[in-house]
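See structure below.
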Amino acid sequence: MKKILSLLVFSFSLLTSYAQHDIWIDINGVRDLTADSIDIANQVRPVPGSSRRGNNPVLFLVGNSTMRTGTLGNGNNGQWGWGFYAHEYYDENKITVENHALGGTSPRTFYTMLWQPVLEAVKKGDYVFLELGHNDNGPIDSIRARSSYRPDGKLEVKEDSISIYNKVTRKQETVYTFGGYMRRFINEIRAKGATPILFTLTPRNDYEADNPKRIQRKLSDFTPAIFAIGKETNTPVIDLNDISATKLEQYGPWKTNYHFYLDKIHSSAYGARMNAASAAEGILASNDPQVAFLKSCLNDRVNPKRCDQNRQQGKPMVFLCGDSTGKNEDSNPDGMWGWGSQGYTVFDANKCVFQNQAKAGRSTRTYIDEGRWDEVYNSLQKGDVVLIQFGHNDIGGIKDGKERGVIASAKDSCAVYRMESSGIYQVIYSYGWYLKKMIRDTQEKGAIPVLLSLTPRNEWHEGNGHSRGFIYPVKEKTGKSYIERRNETYGSWCRTVARETGCEFVDIHNITANALDKMGPKKAASYFKNDHTHTSLKGAQLNAQSLAKGLRDIQSPVAWLLK
């Protein structure tokens, strides 16, 4: 106990010391914007111009922690900057992207400490994105020394300056206004024959007090200041703040929250990807001739992928999202079949279009991480139906093995893990959280989510039955073999998620298991193929019939689409 108290006293005194001296330590234990921290940062930031391919242009990214979080920017605290994903939207055979942003920087500190090497690498035909302002705050002469000069205490677009003693560099420094620094970036980029592009700041997780459905836009007047500078200097402006904030407003609070991590400014991987997409969308939508070539360098990713090519006018689509129990080889009559291949045997093709988007080997986590869920989400229209069924692959290694495991819980929980295969850090969520994401995404689009429990495995146990807590109970018959049930784990978690989200729930697990129990192990074996998990054609047809039975039993509004 004494040791714990001593540690708490030491920690408090350390924090008090930091507060007194205005020292800022990032997740890597590094004090930012010192010579040492910049040396560390430069070990992970690219050498300016090193990505250039022949005479192709380079797109240089200049920004702060919303573009590269922390000194290392490696996501080890669960935060990511959008610059990490920006390159995914450009054709690397036409242009390469270099993220030179650094957490903690302002227009002043980036210009005085980091800009010169980047500028030296800029060539004619290049582009430079400038997204700066989040750290342009605090006293002008504090030990952090990063605020621009504000003559009247307000953010200033006009050119002005003041000479002060910089406590960090211990030298006299001329400090310019926000507009003064941005003009210097713009003028120096143009002097090299390159094109500067201004970006408004990424939005914060901050809703207006009198309108809880609207994200704050002003951000201490940075947006109007950036537009004013753009207009005065004829520099293209992309309103990243508005593009991303509009998306967040459509998402709602729960989804907005997971686009940030640890605070209301820094983004999670979800938020960083969203901001990177917004930046690319802003370029695509711009009519400024100065970005015409850059627009031609965008790849197909800027147009969200869809999977509703089979849509028929006037008919809702029924999408199945799942694993190999939903979609398998589905070709050899004596091979493995997923029940989604038998969707046409229960759904009426005259009423709807059944689309099997399941993929073998996927867990809730990998189905989302690989962008498969996005294809469904981008395709959804009001009245569509999404069948969600996962669980067989959600068990197992989270950071090792196949790296597809999730936190075994229905609660909204998450943690940062370092993947052994790549060394990349990733925030991993719970089984329940991933299900909730898909369900709430579906509801957001006005479509109908239906959560399905996982299909049973061909594993049997002797003894008492499994009637406790079942929606579809079996009779107690001591001495008889019963197929294994997972009602205390995945079944329970699915029911909890369905209850919390208001989503319909069909208990395929127990409906099929009850049918197999009646057959007994010997006869039931023909309903599986190769192992205890994957079904034969007969097994696939049985699971499809279980879905139909379940929808009718709960009097689902989806049941009218059945034959």
Probe 1.4 Å - accessible area at L262, Å² to nearest ten: 130 Å²
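By accessible area of protein heavy atoms, probe 1.4 Å, what ranking do E188, E159 get, highest first?
On the way: E188 50, E159 90 Å².
The ordering from most to least exposed comes out as E159, E188.
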Positive-end residue, the chain charge dipole about Cα centroid, Cβ charges, pick of A272, T364, N77: T364
Relative contact order, percent, the chain [alpha-carbon distance under 8 Å, six or more residues apart]: 10 percent
Heavy-atom accessible area ranking, 1.4 Å probe, most first, across R273, R552, R146: R552, R273, R146
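If you add up the charges near A410, with Lys and Arg at +1 and Asp and Glu at -1, over every other residue whose beta carbon is less than 11 angstrom from its beta carbon, what do you get?
Values: positive: K411, K436, R495, R499; negative: D412, E500.
After counting each charged neighbour, the total is +2.
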Share antiparallel - DSSP beta bridges, the chain, percent rounded to 5: 40 percent
Kyte-Doolittle mean at least -1.0, axial Cα span of 15 Å or more - DSSP H helices of the chain: 2-21, 178-191, 222-233, 240-251, 269-285, 508-519, 537-553
Under 26 Å from K123, Cα to Cα: lysines that are on another chain or at least 8 residues apart: K94, K192, K231, K295
Ranked packing of 130-142, 281-293, most packed first, by mean Cβ within 10 Å: 130-142, 281-293
Cβ-based charge dipole, region 278-347, positive-most Cα from S286, V318, V346: S286
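Report the local net charge at L298: Lys and Arg +1, Asp and Glu -1, summed over other residues whose C-beta lies under 15 Å from its C-beta. Show your work: numbers first, answer last.
Numbers: positive: K94, K295, R301, K305; negative: E88, D91, E92, E281, D288, D300.
Once positives and negatives cancel, what remains is -2.
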Computed magnitude of the charge dipole of region 298-395 (debye, nearest 20; Cβ of K, R +1, Cβ of D, E -1): 360 debye
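With +1 on the Cβ of every Lys and Arg and -1 on the Cβ of every Asp and Glu, and nothing else charged, how large is the dipole of the chain about its Cα centre, in debye rounded to the nearest 20?
On the way: 72 positive and 61 negative charges, 206 e Å.
Here the size comes out at about 980 debye.
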Straight-distance crosslink candidates among aspartates and glutamates, where the alpha carbon sits under 13 Å from K171 and sequence neighbours closer than 8 are dropped: D141
Within region 360-461, GluC sites (Glu not before Pro) in DSSP loop having at most 16 other beta-carbon neighbours inside 10 Å: E370, E420, E459
Sequence-distant aspartates and glutamates (8 or more away, or on other chains) whose Cα lies within less than 17 Å of K538: E329, D330, D334, D517
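The values are calculated or read from the model by the stated rules, or taken from the named source; none is laboratory data. On a predicted model such as this, the values are computed, not experimentally measured, just so you know. Counting neighbours? That spans all protein chains shown, and the Cβs are built from the backbone with ideal geometry, glycine included. Heavy atoms of the whole protein, side chains included, go into the accessibility calculation; ligands, DNA and RNA do not. Shrake-Rupley method; radii C 1.70, N 1.55, O 1.52, S 1.80 Å.
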